[in-house]
Amino acid sequence: MDSASASSSSRIARLHDWLGGFRLSSLGPELRQTTRILAAVLATEIVARLLRLNEPYWALITAVIVTQARMGQTLEAGRDQVVGTLVGAAAGAVAISLSLLGWPRWPVFAGLLVPLAFLAALKPNLRLAGVTLVVVFLFPAAGGPFSRPIDRVLAILTGAVVPLGMSFLVFHSRARQLAFQCAGELIGTLQATRKEILSRRVPVAEVETLNDRSSDALRALIGAVTEARREQFSAVEKTDPLLVRLVPMLRRLQSDILFVARALADDGVHAPVPGQDPMFEPVSNALAAVLDAVRTALDEEARSRRHHWSEAARRAVELERAVAFLGDRAGPLARFTLEMLARDTADLAVALKPERRHRR
């Protein structure tokens with residue numbers, strides 16, 4: 001009995017651990033995408049019924065294909081679907097016309113499919129043209145020779161266009177939040193690099209590895225900002241200036257930290273040694289404080305579209321003072337790069353201050 005009870009308890013424990021990986025909070029992106037697809041399919045069904053399409057399932061199939069996790073991906077998929085459908089519909093109209101003139105069905109189909117396949121090889125976004133040709137020409141249809149194919153083309157176009165509108169209505173503001181989260185993660189990688197070059201004084205080769213991690217975070221930020229631009233109806237330069245400034249300012253900050261690492265190695269005032277370097281400890285602590293304050297502000301902006309900026313500004317002033325106090329003890333090149341780092345960090349802290357628009 002004891003062994004059976006222990007075995008049962010072990011299975012229950014394993015089941016508990018297995019279910020623990022499927023918490024609802026960890027499925028946020030999946031749930032949002034599921035909601036987008038369901039909303040797009042429902043809206044497409046309603047529009048297809050209003051248009052009295054005879055074969056609305058073509059619209060539903062297209063809607064599932066077009067609806068993507070991001071606005072930009074949905075726009076690209078919808079555009080490709082529309083263009084491919086129009087090209088395929090034109091080829092299908094030619095095929096039907098030749099068939100009505102008595103041309104053999106399969107040679108006509110093959111003769112039109114070959115150029116469409118070559119076109120898809122040149123421009124992969126037109127690969128759906130061949131699919132549309134198949135749907136229009138080969139699937140059996142009742143009624144006039146052109147009425148049902150036209151109905152199918154309208155159904156495919158409906159399934160391509162409706163999800164575009166739904167993408168603006170269902171979770172369309174996610175990219176902006178993701179951009180500020182990516183910016184916070186980039187600050188985290190810079191924080192790790194700061195610790196290595198100013199506290200532990202590791203060799204430049206190790207810093208380059210850390211810089212690669214920052215570069216990956218920067219690329220994710222650029223992608224999120226680009227996606228956020230697509231989600232906005234107006235120019236983000238006017239409506240969301242902080243979002244626009246994130247990429248260039250954080251890119252400069254990343255470069256500054258790398259320049260500091262190389263300058264410290266080139267000046268050779270202190271050879272890289274493990275452990276704390278007391279001469280750079282005040283600068284390291286001040287930089288850590290301002291980066292923490294900036295990341296806190298970015299995380300607040302991601303959550304609630306509001307953030308506290310004064311702490312980052314105050315910490316940036318302390319960093320400038322620490323660098324000035326260090327003086328030439330670190331060497332002229334190191335001092336120059338540290339001053340550049342402090343100046344760009346201060347600019348980032350100032351950029352966090354919300355802009356006030358005065359009415360005339």
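Mind checking whether some residue in the range 46-68 is farther than 25 Å from PHE139 by Cβ and either assigned by TED's automatic domain parsing to the domain that holds PRO163 or modelled with pLDDT under 80 (or both)? The answer is yes, given that some residue of the range 46-68 is farther than 25 Å from PHE139 by Cβ and either assigned by TED's automatic domain parsing to the domain that holds PRO163 or modelled with pLDDT under 80 (or both).
Looking at ALA121, ALA93, just one residue is outside the structural domain of VAL225 (by TED's automatic domain parsing), over 30 Å from ALA220 (Cα atoms), of a type in the set (A, V, I, L, M, F, W, C) and assigned to a helix (DSSP H, G or I), and that residue is ALA93. None of LEU100, LEU122 is in contact with a Pro (Cβ under 7 Å, 6 or more places away or on another chain), surrounded by fewer than 15 Cβ atoms within 10 Å (Cβ to Cβ) and farther than 26 Å from VAL47 by Cβ except LEU100. Filtering the range 97-127 to residues that are hydrophobic (A, V, I, L, M, F, W, C) and over 43 Å from the mean Cα position of the chain (by Cα) leaves LEU98, LEU100, LEU101, TRP103, TRP106, VAL108. The single condition among (1) within 26 Å of VAL64 (Cβ to Cβ); (2) crowded, with 19+ Cβ neighbours inside 10 Å that LEU112 does not satisfy is (1). Being in contact with an Asp or Glu (Cβ under 9 Å, 6 or more places away or on another chain), surrounded by 19 or more Cβ atoms within 10 Å (Cβ to Cβ) and closer than 18 Å to VAL66 by Cβ is not true of LEU154. Considering only residues in the range 44-84 that are of a type in the set (S, T, N, Q) and farther than 29 Å from ALA179 by Cβ, the one that is surrounded by the fewest Cβ atoms within 10 Å (Cβ to Cβ) turns out to be ASN54.
Residues considered: VAL247, VAL204. Of these, the only one that is among the hydrophobic types (A, V, I, L, M, F, W, C), surrounded by fewer than 20 Cβ atoms within 10 Å (Cβ to Cβ) and at pLDDT 90 or above is VAL247. Among the residues of the range 267-284, those that are at pLDDT 70 or above and part of a helix (DSSP H, G or I) comprise GLU281, PRO282, VAL283, SER284. In the range 172-192, the residues that are among the β-branched types (Val, Ile, Thr) form Cβ pairs under 6 Å with partners that are in a helix (DSSP H, G or I), at six or more places apart or across chains, as follows: ILE187/LEU291; ILE187/VAL294; ILE187/ARG295; THR189/ARG213; THR189/SER214; THR189/ALA217. Residues in the range 209-248 that are of a type in the set (Gly, Ala, Ser) and assigned to a loop (DSSP other than H, G, I, E, B): 2 in all.
The values are calculated or read from the model by the stated rules, or taken from the named source; none is laboratory data. This is a predicted model, so every value here is computed, not measured. Glycine also receives a Cβ, built like all others from the backbone with ideal geometry; neighbour counts cover every protein chain displayed.
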